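The next block holds one structure in the form of structure tokens; read it before the comments.
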Amino acid sequence: MYWLFLLLALGAFVLAITTTQTWLLLLSLLAALLLFLLWMKGLYAARFGGTASQTPRALHPAELQALREQLGPGRTATVAPSSPASEEHPPS
């Protein structure tokens, strides 16, 4: 829908170029500027407007339970990745 503002702005600019009346020139240039700004606002709202107002979704109880099991206090046997230098030279 906001693309119509760009089309109308181009039409107003063409009218401004082809007219011989000063008042119509000023009016159509003002209309072209206004319609161009409305197009820019619509383009910005379409690309970035919806991302700021979205709230994160709530976790499902099963997902929450799985996270609790992964991060719970009973988890002590974690295997840390070994560095390649320790594998090349074993202790003697």
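What the table shows:
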item	result
In nm, spacing of pseudo-spin labels at A66 and L30 (7 Å Cα→C-beta vector)	6.1 nm
W23 paired with M40, simple spin-label distance in nm, labels 7 Å along Cα-to-beta-carbon	2.9 nm
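Every number in this text was worked out from the coordinates using simple rules, so none of it is lab data. Values in this document were obtained by computation on a predicted structure and should not be read as measured data. Glycine also receives a Cβ, built like all others from the backbone with ideal geometry; neighbour counts cover every protein chain displayed.
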